[in-house]
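So the structure is just underneath, and the comments pick up after that.
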Amino acid sequence: MRKTLLVVVFLFSTSSPNLAFAQSDANAPTIPQKPLSSDPRVIPGRVIAEGHNTAPAGATKLPTYKLEEVELAQPVEITVRGARERLTTVLRLAVTPGESQLGYWIWIDDVLLPSVWGVGAKSLATFIYDRSILRDGAIISVGTERNIYDLPERLKLPDSFRATLKPEAIEEGNGIVSISSFFRVAGSERQRFIGIAMKTAKPLPTMNMGYSVQIGRRFFDAGGRGINWSVQLTEQQFAELKDGDRVAIDVGVFNIAYLGRLDKSIIDR
């Protein structure tokens, strides 16, 4: 099967003052600067899917999207969940047209794509590096740190393309170990918290900036080191999360480890 370079998606935190971003855990290659005739940001591509809405919606005035596959002038290598892949094409997702979107990011469901560039004065585009983050019916959104706006149309993928997609895989050794509840006592008050314990396949390196845990479209400060990691949530924060939310450990704009999907039913097992 031909490999295709796909969208980088990152998430920001609504619960921590430190922004964090997440993608599928692909190390995005640096695509060399090329003449416009071979620049994958601007060359014509093969249309995979596109919307047809013409009425601008919401504060961003972004009515529709286009997903294209474009050829790379030279193959690039990318690491996805520990495996190196050689890619010859890239997927390019654009949302267009709309009002000026400087500083906006693109989301696909709960995967954030902060590596966005402008197309003219009114449109945005990004590359997709890992096709496993795509699904038919996904919500495409644009947003800033505080506000996210959904496009009126969902991603509609043709049957032939859907047949090539595989579920987002978890690297062996990564995963959610347990979810448990506990109480903290302050004077006469008791407050219930939820702790989520996680493991990574290999120790995570020491970083100048702290790690965060992505759950859905929210980020929380991560605790731990090496292969053992955890996050503590208030009862209210946990209640606001959804079963099936994506869980990952991130640093800066890089998703370090994808851990699977949240299953609330395992609490206190």
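The values are calculated or read from the model by the stated rules, or taken from the named source; none is laboratory data. Remember, predicted model here, so these are calculated numbers, not experimental data. Quick reminder, even Gly has a Cβ in these numbers, built from the backbone with ideal geometry, and neighbours come from all protein chains shown.
What the table shows:
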| item | result |
| --- | --- |
| Options 170, 196, 215: the member that is surrounded by 15 or more Cβ atoms within 10 Å (Cβ to Cβ), touching a Gly at 6+ places or on another chain (Cβ under 7 Å) and outside the structural domain of residue 43 (by TED's automatic domain parsing) | 170 |
| Out of 250, 221, 245, sole residue that is over 17 Å from the mean Cα position of the chain (by Cα) and within 28 Å of residue 129 (Cβ to Cβ) | 221 |
| Residue in the stretch 116-143 that is surrounded by the fewest Cβ atoms within 10 Å (Cβ to Cβ), counting only those that are at pLDDT 85 or above and among the polar types (S, T, N, Q) | 132 |
| Unique residue being at pLDDT 70 or above and under 30 Å from residue 204 (Cβ atoms) when the list is 47, 90 | 90 |
| Unique residue being assigned to a helix (DSSP H, G or I) and either at pLDDT 90 or above or on the phi < 0 side of the Ramachandran plot (or both) when the list is 180, 160 | 160 |
| Residue match in the stretch 183-193 (condition: surrounded by 15 or more Cβ atoms within 10 Å (Cβ to Cβ), of a type outside the set (Phe, Trp, Tyr) and not assigned by TED's automatic domain parsing to the domain that holds residue 130) | no |
| Residue satisfying condition, being among the charged types (D, E, K, R), free of Cβ contacts under 8 Å to residues at least 24 places away in the same chain and exposed (fewer than 15 other Cβ atoms within 10 Å of the Cβ), within set 269, 225, 261 | 225 |
| Flag if residue 167 is under 30 Å from residue 68 (Cβ atoms) and over 16 Å from the mean Cα position of the chain (by Cα) | no |
